[in-house]
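Following: one structure in structure tokens, then a few remarks.
The values are calculated or read from the model by the stated rules, or taken from the named source; none is laboratory data. These figures come from a predicted structure and were not determined experimentally. Cβ sites come from the backbone with ideal geometry, for glycine too, and all protein chains shown count toward neighbours.
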Amino acid sequence: MAMRRKPATNQPDLWIPTSDLAKTPGHPFYDRLNSVLSAAKFDRFVEERCEKYYAHGQGRPSIPPGVYMRMLLVGFFEGIDSERGIAWRCADSLSLRTFLGYAMNEATPDHSSLCRIRRRLDVEVHEEVFTFVLKVLAEQGLLRGRTIGVDATTLEANAALRSIVRRDDGTKYNEYLKGLAEASGIETPTRADLARLDKKREKKGSNDDWTNPNDPDAKIVKMKDGRTHLAHKAEHAVDMDSGAVLAVTVQDATLGDPTTMKQTIASTVENVRVVARKQACADELSERALTEWVADKGYHSNATMEMVDAVGLRSYISEPQRGTRRWRDRESARDGTYSNRRRIKTKRGRALMRRRGELLERTFAHCLETGAMRRVYLRGRKNILKRYLVHVAAFNLSLVMRKLLGAGTPRGLAARFAACFEACSALFASVFVRIAIAARWIANVAVDQFRFRPRRSECVAVTSSTGC
């Protein structure tokens, strides 16, 4: 065979037949996911919900809204944080082009198109897409809705601390420090003087005094790793039986857990009602849904206990260490606290506490660490919520894919294939080694059995001649 050399320059042809374009066999994960979404009529559902946001019969045709939602799903499955990265990955991958429904002679949407579509569509559309995925989970038997776990984490905002300004006059941080230094008697302060002066101040990062002009919704908080950043707060309500996320909220990072829990509970109740209304087992799901709530000690407060006792829910909330409690005019909080304390000490309560650490933290690990959403590249709480709703919906779809394929992401499926291949290779290698050992043993036995031995008459003749 002759060797073909790569040309120095490659001049493209003016016309290329579509039959000559490169084709891909597709990715098994995205092919199966595409079949799940097609069976549920995902694209038709999204188009009906987005129809009111577009003009009828005017202007050029837009990008299909289903393609926009699918590209956001790709962000979770591929672990891409920015919309620019999602657009590049979809344009570069042949399997993702097939998943989106684009041929080789068609250009996939770029990041500016994704940004424009996100601004055009409202938050309610993304919430309906999230609820649609919950219905898919209910059809697969992955939605119980009886015991709900609630937990929150921080999302690092797309804003820097060095850009914060005073709320009253808009003074920047360094300019404010220079003013304090001059007022203290330092005429030309250096950077060391400013750092020394800033180190001794108390409450220097108060959200009441400072804000970021680029993202006013971001607040100065301490992250999980101990660093101080501008951030938002994301809260999940998780089904403790299947691990599915039933509701997602993005709220002010300075609000306490008992305060943000109310909005998350309201979203969970509404989502479960919508799903139960569309299912055949609506009565059964409505009766058993939302009867037990599990949370960590950050959610334990008198207001939470009063709310749980008033609604009649069964709470399993870890109780922090406190001193002597005074229950004057707090009978409802006292009854709720004592009932909750009794429940968390039971066998089921201890089991739910262990399961809370497993399922709730798993959702944050998949969505924020593996899914690369710990730091957001959008500004404004509404924009972040739109992206985060579809991102968590992709996590719920990964539960369906794990049930169907045994893996929830393309990388997980590839790792599963690799592990299977290694196991088969090890099995075949061990079988071949055993066969080789058996063949060698058989050969040795055959040599011993068929080795040349002299006849008995010859042995007698030789003995007589030697006189022995």
- prompt: Would you say V221 is over 19 Å from L352 (Cα atoms) and out of contact with any Lys or Arg (no Cβ under 7 Å at 6 or more places or on another chain)?
  reply: yes
- line: Restricted to the range 403-454 and to residues being within 26 Å of N34 (Cα to Cα) and basic (K, R), the residue modelled with the highest pLDDT is K403
field: Residue ID - surrounded by the most Cβ atoms within 10 Å (Cβ to Cβ), chosen from residues in the range 310-337 that are within 33 Å of the chain's Cα centre (by Cα) and within 19 Å of R348 (Cβ to Cβ)
entry: I317
- request: For the range 345-357, state whether one or more residues are out of contact with any Pro (no Cβ under 6 Å at 6 or more places or on another chain), surrounded by fewer than 16 Cβ atoms within 10 Å (Cβ to Cβ) and either among the hydroxyl-bearing types (S, T, Y) or not in a helix (DSSP H, G or I) (or both).
  value: yes
field: Which numbered condition N34 misses (of (1) touching a Cys at 6+ places or on another chain (Cβ under 9 Å); (2) touching a residue at least 40 places away in the same chain (Cβ under 8 Å); (3) closer than 19 Å to T409 by Cα)
entry: (1)
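Based on what the data block shows, is D217 touching a residue at least 60 places away in the same chain (Cβ under 8 Å), closer than 30 Å to W293 by Cα, assigned to a loop (DSSP other than H, G, I, E, B) and among the charged types (D, E, K, R)? Give the steps one after another, and end with the answer.
Details: touching a residue at least 60 places away in the same chain (Cβ under 8 Å): yes; closer than 30 Å to W293 by Cα: yes; assigned to a loop (DSSP other than H, G, I, E, B): yes; among the charged types (D, E, K, R): yes.
Answer is yes for this residue.
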query: Of the residues that sit in the range 99-156 and are in the same structural domain as S62 (by TED's automatic domain parsing) and small (G, A, S), which one is farthest from L385 (Cα to Cα)?
result: A103
query: For the range 380-397, what are the residues that are among the polar types (S, T, N, Q) and over 15 Å from F132 (Cβ atoms)?
result: N383
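Rundown of residues vs (1) closer than 21 Å to V245 by Cβ; (2) out of contact with any Phe, Trp or Tyr (no Cβ under 9 Å at 6 or more places or on another chain); (3) at pLDDT below 90; (4) not in a loop (DSSP other than H, G, I, E, B), yes/no style:
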| residue | (1), (2), (3), (4) |
| --- | --- |
| V125 | yes, no, no, yes |
| F130 | yes, yes, no, yes |
| V150 | yes, no, no, yes |
| G170 | no, yes, yes, no |
| D193 | no, yes, yes, yes |
- request: Go through the range 111-123 and give me each residue that's buried (at least 17 other Cβ atoms within 10 Å of the Cβ) and not in a helix (DSSP H, G or I).
  value: L121
- request: Please state which one of T268, T254, T259 is in the same structural domain as V129 (by TED's automatic domain parsing) and part of a loop (DSSP other than H, G, I, E, B).
  value: T254
statement: If we keep only residues of the range 38-60 that are touching a residue at least 24 places away in the same chain (Cβ under 8 Å) and closer than 18 Å to G101 by Cβ, then the residue farthest from the chain's Cα centre (by Cα) is C50
- prompt: So which residues in the range 140-155 are touching a residue at least 60 places away in the same chain (Cβ under 8 Å) and surrounded by fewer than 21 Cβ atoms within 10 Å (Cβ to Cβ)?
  reply: Q140, L142, R144, R146, T153, T154
Condition met for T337 (within 25 Å of A310 (Cα to Cα) and in a helix (DSSP H, G or I)): yes
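Take L134 and decide whether it is outside any helix (DSSP H, G or I), buried (at least 17 other Cβ atoms within 10 Å of the Cβ), touching a strand residue (DSSP E or B) at 6+ places or on another chain (Cβ under 8 Å) and in contact (Cβ under 8 Å) with a residue 40 or more places away in the chain.
Working: outside any helix (DSSP H, G or I): no; buried (at least 17 other Cβ atoms within 10 Å of the Cβ): yes; touching a strand residue (DSSP E or B) at 6+ places or on another chain (Cβ under 8 Å): yes; in contact (Cβ under 8 Å) with a residue 40 or more places away in the chain: yes.
The answer is no for L134.
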field: Subset of the range 89-109 (residues that are in a loop (DSSP other than H, G, I, E, B) and loosely packed, with under 15 Cβ neighbours inside 10 Å)
entry: G101, A103, M104, N105, E106, A107
message: Given the criteria assigned to a loop (DSSP other than H, G, I, E, B), surrounded by 14 or more Cβ atoms within 10 Å (Cβ to Cβ), at pLDDT below 90 and of a type outside the set (A, V, I, L, M, F, W, C), does K204 qualify?
response: yes
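Among the hydrophobic types (A, V, I, L, M, F, W, C) and either in contact with a Ser or Thr (Cβ under 7 Å, 6 or more places away or on another chain) or within 19 Å of V165 (Cβ to Cβ) (or both): which single residue out of A247, A192 fits that description?
Values: A192 fails: either in contact with a Ser or Thr (Cβ under 7 Å, 6 or more places away or on another chain) or within 19 Å of V165 (Cβ to Cβ) (or both).
It is A247.
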